[in-house]
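*Asks:* Okay, here's the structure, questions in a sec.
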Amino acid sequence: MHILVTGGAGYIGSHTCIALIDAGHTVVVVDDFSNSHPESLRRVEAICNTTIALYRGDVSDAALLQQIFTEHKIDGVIHFAGSKAVGESVEKPMLYYRNNVTASQTLIETMQSAGVHTLVFSSSATVYGDPHTVPILEDFPVGATNPYGRSKLMVEQIIQDQAVANGQFNGIILRYFNPVGAHPSGKIGEDPNGIPNNLMPFIAQVAVGKRPQLAIFGGDYPTKDGTGVRDYIHVCDLAEGHVKALEALHGQTGSHIFNLGTGNGVSVLEMVQAYAKVSQRPIPYQVVARRPGDVAQCYADPGYASVTLGWQATRNLNDMVASSWHWQSSNPHGYREA
Ligand code: NAD
Ligand code: UDP
């Protein structure tokens with residue numbers, strides 16, 4: 001298949017480009033590089049020994065999207081492009097509604113006029129809010145607690161409405177749990193701007209000596225060791241989940257929702273210990289107050305994706321940590337060194 005990947009230069013997008021190419025598909029990327037570096041795609045090209053058609057621009061630009069759909073026969077779109085920082089979304093909600101919701105609407109409208117019917121959308125486990133129990137199933141109640149999460153829920157709703165109205169539309173909503181790790185080559189990985197918001201890149205920067213210590217947000221949760229529990233999933237497993245979703249649901253219609261996680265809950269302290277062991281570096285930490293909006297536990301029941309898509313995560317915590325460390329230690333300044 002010929003797949004348009006929006007946000008294909010980003011963390012998950014770049015790994016998914018590799019998974020698509022490895023599975024025999026071709027990719028076209030549109031990215032405005034607002035949160036990434038063109039070097040990531042150059043490295044994807046080197047890893048895959050191929051060239052990728054790249055359009056530098058904004059997904060909100062309908063004329064650009066029309067141009068792409070005219071110049072390439074696109075079978076489906078994977079839509080990663082968007083803004084993803086929870087704290088920033090509270091400070092700049094309009095940015096999030098414009099870049100996540102309005103841009104997605106423009107994409108879906110342009111797809112319809114171009115006769116492209118299959119859309120895979122990057123949603124998030126954050127749409128479950130504070131789950132009443134774990135593991136989380138797809139039919140659990142949703143309710144986001146910040147503008148980022150609400151923007152994801154709004155796009156999910158837009159996709160479901162479009163599937164009702166347009167009998168040819170195939171909307172695949174993937175709710176990611178916590179993507180971590182990097183490609184085994186160590187050439188591509190997560191390269192956040194400024195101070196990382198997420199646990200894994202923060203630990204990686206402590207291990208490599210860029211930051212003195214980790215603040216653990218809360219040691220008094222009702223969990224196995226008092227720290228927050230999450231479902232960390234290797235980004236290469238996540239990338240392969242997109243390929244499986246496209247292949248398994250090709251030619252279908254309607255809307256479909258899947259959790260992409262491992263089903264395993266890992267605490268912050270367990271992650272710190274795993275990273276210290278693999279990197280052979282100390283990870284100094286201090287337990288501080290809980291972070292507002294955090295939940296105690298969040299992990300998936302990934303059974304529906306397994307049964308329906310024939311996909312399940314195969315990489316373990318050691319693979320996640322080892323690949324993260326390989327990327328971080330070989331590229332201590334991310335893509336900016338390039
Ligand atoms: P990322 O920031 O690394 O990648 C997003 C890419 O989209 C970047 O290359 C950025 O330059 C590009 N982009 C942003 N706005 C754009 C626009 N308007 N037009 C064109 N390009 C644009 O983020 P990621 O971690 O790879 O996440 C990808 C998607 O997955 C996002 O939608 C995010 O909300 C979602 N998601 C991420 C996580 C996570 O923890 N990383 C978890 C759940 C869901
Ligand atoms: N966390 C932490 N220190 C940090 C970043 C995160 O203790 O500097 C904790 C956070 O409280 C949560 C877990 O690590 O329990 C995962 O947080 P992350 O921001 O990576 O993902 P999310 O909150 O979206 O699940």
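The values are calculated or read from the model by the stated rules, or taken from the named source; none is laboratory data. Model, not experiment: these values are computed from the prediction. Neighbour counts are summed over all protein chains in view; Cβ atoms, including those assigned to glycine, are modelled from backbone coordinates with ideal geometry.
*Asks:* Against the condition farther than 30 Å from Arg43 by Cα, at pLDDT 95 or above and either not hydroxyl-bearing (Ser, Thr, Tyr) or not in a helix (DSSP H, G or I) (or both), how does Asp130 come out, does it pass?
*Replies:* Values: farther than 30 Å from Arg43 by Cα: yes; at pLDDT 95 or above: no; either not hydroxyl-bearing (Ser, Thr, Tyr) or not in a helix (DSSP H, G or I) (or both): yes.
In short, no.
*Asks:* Also, quick follow-up: Six or more apart or on different chains, Cβ atoms under 6 Å: show the pairs whose first residue is in the stretch 179-206 and in contact (Cβ under 8 Å) with a residue 24 or more places away in the chain and more than 9 Å from Gln328 (Cα to Cα) and whose second is part of a loop (DSSP other than H, G, I, E, B) and within 10 Å of ligand 1 (Cβ to nearest atom).
*Replies:* Asn197/Ala85
*Asks:* Name every residue in the stretch 44-58 that is part of a helix (DSSP H, G or I), more than 15 Å from ligand 1 (Cβ to nearest atom) and of a type outside the set (D, E, K, R), in order of residue number.
*Replies:* Correct list: Ala46, Ile47, Cys48.
*Asks:* Would you mind stating whether Gly87 is within 16 Å of ligand 2 (Cβ to nearest atom), under 28 Å from Ile195 (Cα atoms) and either of a type in the set (Asp, Glu) or assigned to a helix (DSSP H, G or I) (or both)?
*Replies:* Here the answer is yes, as Gly87 does meet what is asked.
*Asks:* Would you check if there is a residue in the stretch 59-75 being outside any helix (DSSP H, G or I), at pLDDT 95 or above and within 16 Å of ligand 2 (Cβ to nearest atom)? I'd like the intermediate steps shown before the answer.
*Replies:* Taking the stretch 59-75 and keeping what is outside any helix (DSSP H, G or I), we get 59-61, 72-75.
Retained after the next criterion (residues that are at pLDDT 95 or above): 59-61, 72-75.
Within this subset, residues satisfying the condition of being within 16 Å of ligand 2 (Cβ to nearest atom) are none.
The answer is no; no qualifying residue exists.
*Asks:* Another question about this same structure. Quick one: count up the residues across the stretch 243-268 that are among the hydrophobic types (A, V, I, L, M, F, W, C), closer than 14 Å to Ile172 by Cβ and not in a helix (DSSP H, G or I).
*Replies:* 3
*Asks:* Something else about it: Please find, among His72, His15, His117, His37, the residue that is of a type outside the set (Lys, Arg), surrounded by fewer than 23 Cβ atoms within 10 Å (Cβ to Cβ) and touching a His at 6+ places or on another chain (Cβ under 9 Å). Lay out the reasoning, then the answer.
*Replies:* Values: His15 fails: surrounded by fewer than 23 Cβ atoms within 10 Å (Cβ to Cβ); His117 fails: touching a His at 6+ places or on another chain (Cβ under 9 Å); His37 fails: touching a His at 6+ places or on another chain (Cβ under 9 Å).
On inspection, the qualifying residue turns out to be His72.
*Asks:* While we're looking at this one, here's another question. Any chance the stretch 207-229 includes a residue that's in contact with a Ser or Thr (Cβ under 9 Å, 6 or more places away or on another chain) and within 14 Å of ligand 1 (Cβ to nearest atom)?
*Replies:* No.
*Asks:* Could you say whether any residue in the stretch 140-150 is surrounded by fewer than 16 Cβ atoms within 10 Å (Cβ to Cβ), touching a residue at least 12 places away in the same chain (Cβ under 8 Å), under 23 Å from the mean Cα position of the chain (by Cα) and not in a strand (DSSP E or B)?
*Replies:* For the stretch 140-150, residues surrounded by fewer than 16 Cβ atoms within 10 Å (Cβ to Cβ), touching a residue at least 12 places away in the same chain (Cβ under 8 Å), under 23 Å from the mean Cα position of the chain (by Cα) and not in a strand (DSSP E or B): present.
*Asks:* Scan the stretch 253-276 for residues that are under 18 Å from the mean Cα position of the chain (by Cα) and of a type in the set (A, V, I, L, M) and jot them down.
*Replies:* Within the stretch 253-276, Ile257, Leu260 meet the criteria.
*Asks:* A follow-up question, please. Looking only at the stretch 45-57, which residues are touching a strand residue (DSSP E or B) at 6+ places or on another chain (Cβ under 9 Å) and within 20 Å of Leu238 (Cβ to Cβ)?
*Replies:* Ile52
Matching residues to (1) over 24 Å from Leu238 (Cα atoms); (2) surrounded by 18 or more Cβ atoms within 10 Å (Cβ to Cβ); (3) not β-branched (Val, Ile, Thr):
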position	(1), (2), (3)
Val90	yes, no, no
Tyr96	no, yes, yes
Leu107	no, yes, yes
Met111	yes, yes, yes
Ser123	no, yes, yes
Val127	no, yes, no
Asp130	no, no, yes
Val134	no, yes, no
Gln162	yes, yes, yes
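*Asks:* How many residues are within 9 Å of ligand 1 (Cβ to nearest atom) and assigned to a loop (DSSP other than H, G, I, E, B) when one looks only at the stretch 174-192?
*Replies:* Adding up the residues that qualify gives 4.
*Asks:* I'm trying to understand the selection: among the residues of the stretch 1-51, which are hydrophobic (A, V, I, L, M, F, W, C), closer than 22 Å to Gly115 by Cα and free of Cβ contacts under 8 Å to residues at least 60 places away in the same chain?
*Replies:* Answer for the stretch 1-51, where residues must be hydrophobic (A, V, I, L, M, F, W, C), closer than 22 Å to Gly115 by Cα and free of Cβ contacts under 8 Å to residues at least 60 places away in the same chain: Val27, Val28, Val29, Val30.
*Asks:* Among the residues of the stretch 118-153, which ones are within 20 Å of Ile108 (Cβ to Cβ) and of a type in the set (Ser, Thr, Tyr)?
*Replies:* Listed by number, the residues that qualify are Thr118, Ser122, Ser123, Ser124, Tyr148, Ser151.
*Asks:* Suppose the filter is more than 11 Å from ligand 2 (Cβ to nearest atom) and within 29 Å of Gly8 (Cβ to Cβ); does Val266 pass it?
*Replies:* No; evaluated as a whole, the condition is false for this residue.
*Asks:* Here's something else I'd like to know. Counting only residues that are among the small types (Gly, Ala, Ser) and in a helix (DSSP H, G or I), which one in the stretch 219-242 is surrounded by the most Cβ atoms within 10 Å (Cβ to Cβ)?
*Replies:* Let us first name the residues in the stretch 219-242 that are among the small types (Gly, Ala, Ser), namely 219, 226, 228, 239, 241.
Right, trim to in a helix (DSSP H, G or I) and you get 239, 241.
Numbers: Ala239: 24, Gly241: 26.
Going through the qualifying residues, I end up with Gly241.
*Asks:* Which of the residues spanning the stretch 278-316 are among the hydrophobic types (A, V, I, L, M, F, W, C), surrounded by fewer than 20 Cβ atoms within 10 Å (Cβ to Cβ) and within 16 Å of ligand 2 (Cβ to nearest atom)? Steps first, answer last, please.
*Replies:* In the first step, residues of the stretch 278-316 are kept if they are among the hydrophobic types (A, V, I, L, M, F, W, C); the result is 278, 283, 287-289, 295-296, 298, 300, 305, 307, 309, 311, 313.
Checking which are surrounded by fewer than 20 Cβ atoms within 10 Å (Cβ to Cβ) leaves us with 278, 283, 287-289, 295-296, 307.
Of everything in the stretch 278-316, those that are among the hydrophobic types (A, V, I, L, M, F, W, C), surrounded by fewer than 20 Cβ atoms within 10 Å (Cβ to Cβ) and within 16 Å of ligand 2 (Cβ to nearest atom) turn out to be Ile283, Val287, Val288, Ala289, Val295, Ala296.
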